[in-house]
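Student: Structure in structure tokens, see below.
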Amino acid sequence: MIAITRYRVPGEEADGFAERMTAVLAALSASPGFRSGRLARTVDDPGLWALVTEWDGAGHYRRALGGYDVRLQFMPLAVMAVDEPGAYEIVSSA
């Protein structure tokens with residue numbers, strides 16, 4: 001499964017956001033079931049970012065979010081998250 005969380009980040013917080021979210025990604029990568037992850041910023045709207053991760057399953061993803069190290073770093077950034085569904089089951093790939 002993939003998890004996509006988008007963030008609306010004010011311009012003055014962009015540098016710090018990238019650094020802090022990279023630390024979150026590193027913490028997530030240590031979790032069982034983690035396959036890959038990346039932080040992206042849209043080219044059309046520099047204030048819109050996305051954290052995209054791939055997991056062995058939804059259970060692994062949810063357990064990883066509950067880990068102390070992840071919560072410690074991830075929760076302060078959640079205030080900037082766009083409120084929308086973010087867990088996707090892969091239906092097909094090439």
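The values are calculated or read from the model by the stated rules, or taken from the named source; none is laboratory data. What you see is a predicted model, and the numbers here were worked out from it, not measured in a lab. So basically every Cβ, Gly included, is an ideal-geometry build from the backbone, and we count neighbours across all protein chains shown. For accessibility, only protein heavy atoms count, side chains too; no ligands or nucleic acids. Shrake-Rupley method; radii C 1.70, N 1.55, O 1.52, S 1.80 Å.
Student: Which whole-Hz ³J(HN,Hα) couplings does the range 22-37 yield from phi under the Karplus relation 6.51 cos²θ - 1.76 cosθ + 1.60, θ = phi - 60°, glycine and proline marked x?
Tutor: 5, 5, 4, 4, 5, 5, 5, 5, 7, 7, x, x, 6, 9, 6, x
Student: Before I look further, what does the chain give for accessible area per residue, probe 1.4 Å, in whole square angstrom?
Tutor: Solvent-accessible surface per residue comes out at 62 Å².
Student: Keeping the other protein chains in place, figure out the carbon and sulfur percent of the accessible area of the chain, with a 1.4 Å probe.
Tutor: So the carbon and sulfur contribution to the accessible surface is 54 percent.
Student: A follow-up question, please. Among Ala3, Ile90, Ser31, whose Cα sits farthest toward the positive end of the charge dipole of the chain (+1 at Cβ of Lys/Arg, -1 at Cβ of Asp/Glu, about the Cα centre)?
Tutor: Final value for the positive-end residue is Ser31.
Student: Using each residue's phi in the range 88-94, evaluate 6.51 cos²θ - 1.76 cosθ + 1.60 at θ = phi - 60° and report the 3J(HN,Hα) Karplus result to the nearest Hz, with x for Gly and Pro.
Tutor: Along the range 88-94, the couplings run 10, 7, 6, 9, 7, 8, 10 Hz.
Student: Relative contact order for the chain using alpha-carbon pairs under 8 Å, separation at least 6, rounded to a whole percent?
Tutor: 42 percent.
Student: Can you work out the Karplus-derived ³J(HN,Hα) for every residue in the range 41-49? Use 6.51 cos²θ - 1.76 cosθ + 1.60 with θ = phi - 60°, whole Hz, and x for glycine or proline.
Tutor: My calculation for the range 41-49 gives 10, 5, 7, 8, 8, x, x, 10, 10 Hz in order.
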